Amino acid sequence: MNKLFLKQHETLSKFRLISLYFATALVIFSLLGIFSKGLNLGLDFTGGYLTEFTTQESLTQQNMETLLSSYLPDSFSLKSAENGRHWSVQQADNELSLKGKAWLSDFSEQSELTITPLDSIYIGSQVGDELINQGGLALITSVVMILLYLSFRFEWRLAAGSVIALCHDVIIVLGIFAWFDIPFDLTIVASLLAIIGYSLNDSIIVGDKIREIMKRNNQQSVESIVNLAIKSTIVRTLITSGTTLATILAVWIFAGESLAGFAMALFSGVLVGTFSSITISATVPQLLGLSADYYNQKEQELCPLP
């Protein structure tokens, strides 16, 4: 029995260490994509024209893109809903862009489609710059508040592990959007804030368990305590992540093109968040020299010996 326990212990320790190296490589690869390719900022940030209309006929995305590319003089982004009957066309803010809904009547005649104009919106570049600043400020503010919370909640090594795991999750998601050239809009900023909260929740669960075991069994090695904490929380973590992923997948499939990016960001964020809560937030404190002495000293201060 002891041999089996030791074998499981060694296997888990090796898995955590190898996964930490793998996570580091993913972060480097993601940063390379972010700085070399950049994010494909959507209309919310770049500014431009958004025109919405419906067609009586149901068309595939590819067919509509072919028809529009022969009519619109500049590049555009197209989204569809309602089984190919509701369309949104995004155009950059330049001299070639066709403004307003007036061009739809000409396009209807040329393409021989029955088109009903719905709405046309213009977003200026100044508004886009302001949204970039506000979105970045929201992310920075949330991270600062989390740092303040963790500094009071945990010993600094456990807090550092949670923060590094959080940064890992956000960078990986941004790297996915950079490498695959997926449009980045305000819904993605909202998903990043949700990912930060989810990642923090998983890391706090693991950190709390490590702290609890350290207070009870302070004679064990830190490696054994960390492995025991992961084993105690892994089932709850996987069940929570599984149900969350199932919900996000339903949104991704049934909510349409408008929420596809949001669902994709959340889905990848929950996956890497579950991974980092086991391999980063629990392993980094051990590498930084986590020990039970801190909690023993706290216990003595709270309950001094007579």
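The values are calculated or read from the model by the stated rules, or taken from the named source; none is laboratory data. Predicted, not measured: the structure shown is a model, and the values here were computed from it. Because the Cβ atoms are built from the backbone with ideal geometry, glycine has one as well, and the counts that use them run over all protein chains shown.
Just one of 192, 166, 174, 150 is crowded, with 18+ Cβ neighbours inside 10 Å, at pLDDT below 85, in a helix (DSSP H, G or I) and assigned by TED's automatic domain parsing to the domain that holds residue 273; which is it?
Answer to the selection: 150.
Which one is surrounded by the most Cβ atoms within 10 Å (Cβ to Cβ) among residues in region 21-74 that are among the polar types (S, T, N, Q) and within 25 Å of residue 176 (Cα to Cα)?
That would be 30.
Inspect all residues belonging to region 34-55 and state whether any of them is more than 19 Å from residue 262 (Cα to Cα) and out of contact with any helix residue (DSSP H, G or I) (no Cβ under 9 Å at 6 or more places or on another chain).
Yes, region 34-55 contains a residue that is more than 19 Å from residue 262 (Cα to Cα) and out of contact with any helix residue (DSSP H, G or I) (no Cβ under 9 Å at 6 or more places or on another chain).
Name the residue, out of 188, 176, 164, that is of a type in the set (Val, Ile, Thr) and under 18 Å from residue 277 (Cβ atoms).
Going through 188, 176, 164 in turn, just one is of a type in the set (Val, Ile, Thr) and under 18 Å from residue 277 (Cβ atoms): 164.
Search region 195-218 for residues being within 12 Å of the chain's Cα centre (by Cα) and not hydroxyl-bearing (Ser, Thr, Tyr), and hand back the single one that is modelled with the highest pLDDT.
It comes out as 195.
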